[in-house]
């Protein structure tokens, strides 16, 4: 659910539902009040002042998915298919376009390919630039951190998103592997690296920074924004010892009013890099997902480590790859949909 706290937020939430089309776009989405919220998420209402207005958008079709385990399952099934080879622990050092397709250079040798899909997160743009794509793009890598608390929530509870920010609003949700733990976050801070905690990727960031006037103007324009700059500066504080936890507590209390400083602690080992796309021609931050499709090659640059749309992207890419291979193969669209989309409940007539 998404909660709105206070009259101003409640009005914004109701406008999004009634006037912005959220209710039409998501037929099962419900606009609910305090009593219903208390039934679903008691901690969201307990110890909250009764005169504070409270509303929420709620859907009963909420799922928690471990995308790491999903990927392992797909790889295990792929290994069983004839004619399919899976290589892990094999670094890709570069992709070179040749007269016969693409040469993919790896630590274990070079593989020739008629079509290539690069799904390397922040590094995808690095590969794209090596082949002449994405010249009007740069990256603003955003590191997300979290705080852990006791078992406060039954599901995922978001606070209201600011429309101008491309980052997820602070939310709380039960850990996918341990329902007794609630995770709150994310924070968001720019970092000059493509992977969290990996100093070796600082050089990779410089590859996609773009040392030209448009890039410098773009970064300056983005970070000087009167909404984004204060947001970034506040988020830098949350990583400070002691002070950071105290500063973040009000965000937790907006979701769970009864939470105290003793209830939360910085999470270790959570969070990754969210590569936000910088449009160096428009000098703006692109709030959407970025995919570059070239001549028989695709570069996926996801904005989120959460992988929320990974199966949708896989379906799209599979259809493109079939086109790359000039009709030698087919993609079983009906079979894919039956194994994925049709397992989700649909509104009945």
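Here 264, 273, 298 are screened, and the one residue that is buried (at least 16 other Cβ atoms within 10 Å of the Cβ), in contact (Cβ under 8 Å) with a residue 12 or more places away in the chain, touching a strand residue (DSSP E or B) at 6+ places or on another chain (Cβ under 6 Å) and more than 23 Å from residue 165 (Cβ to Cβ) is 298. Does any residue of the range 36-46 turn out to be modelled with pLDDT under 95 and surrounded by 11 or more Cβ atoms within 10 Å (Cβ to Cβ)? No: zero hits.
From the list 153, 148, the lone residue that is more than 29 Å from residue 284 (Cα to Cα), surrounded by fewer than 20 Cβ atoms within 10 Å (Cβ to Cβ) and modelled with pLDDT of 90 or more is 148.
Against the criterion of being closer than 23 Å to residue 284 by Cβ, surrounded by 14 or more Cβ atoms within 10 Å (Cβ to Cβ) and either under 15 Å from the mean Cα position of the chain (by Cα) or without any contact (Cβ under 8 Å) to a residue 40 or more places away in the chain (or both), residue 194 qualifies. Counting only residues that are in contact with a helix residue (DSSP H, G or I) (Cβ under 8 Å, 6 or more places away or on another chain) and farther than 30 Å from residue 292 by Cα, the range 264-280 holds 3 of them. Can you say whether residue 135 is under 19 Å from residue 290 (Cβ atoms), under 15 Å from the mean Cα position of the chain (by Cα) and not in a helix (DSSP H, G or I), as far as the supplied structure shows? Taking the combined requirement at face value, the residue does not satisfy it.
Of everything in the range 97-123 that's surrounded by 11 or more Cβ atoms within 10 Å (Cβ to Cβ) and free of Cβ contacts under 8 Å to residues at least 12 places away in the same chain, which residue is farthest from residue 318 (Cα to Cα)? Out of the qualifying residues, it is 110.
The values are calculated or read from the model by the stated rules, or taken from the named source; none is laboratory data. Just so it is clear, the model here is predicted, and its values are computed rather than measured. For neighbour counting, all protein chains shown are included, and Cβ atoms are generated from backbone atoms with ideal geometry for every residue, glycine included.
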